[in-house]
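Report on the structure given below.
The values are calculated or read from the model by the stated rules, or taken from the named source; none is laboratory data. Keep in mind it's a predicted model, so treat the numbers as computed, not measured. Reconstructed Cβ throughout: ideal geometry from the backbone, glycine too, with neighbour counts over all protein chains shown.
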Amino acid sequence: MNGGVLVHEPEALRDYIVGAHRAGWTVATHAIGDRAITHALDAIEHAQSIAPRPDVRHRIEHFALSDDLYSIPAEAIADQEVTTTVVGREVVFER
């Protein structure tokens, strides 16, 4: 597991993402390492739970150094829709 270095505490990251989400922005969050990826996913999920926006496509940039639990082959994402479960969440990747 790669813990990485947090630039923002999880609560602050959540507040930033929720604020941007509520303002109508699409969020692109940098996350390198399992801990950062988990915090970013939690924050995005929280934003959607309190202010649902079904058509928004938030994303995680530089999704790197993750455990196999988070890894999805790039060729599968490029070739077809892929649905997987990441820490109890269903995630759909569309071409």
Scanning the stretch 16-42 for residues that are polar (S, T, N, Q) and out of contact with any Lys or Arg (no Cβ under 7 Å at 6 or more places or on another chain), the one surrounded by the fewest Cβ atoms within 10 Å (Cβ to Cβ) turns out to be T38
Q.
Kindly evaluate E45 against the criterion of being over 14 Å from H62 (Cα atoms), touching a residue at least 12 places away in the same chain (Cβ under 8 Å), surrounded by fewer than 20 Cβ atoms within 10 Å (Cβ to Cβ) and not small (G, A, S).
A. yes
L13: passes all of (1) exposed (fewer than 15 other Cβ atoms within 10 Å of the Cβ); (2) at pLDDT 90 or above; (3) in a helix (DSSP H, G or I); (4) of a type outside the set (S, T, N, Q) but (1)
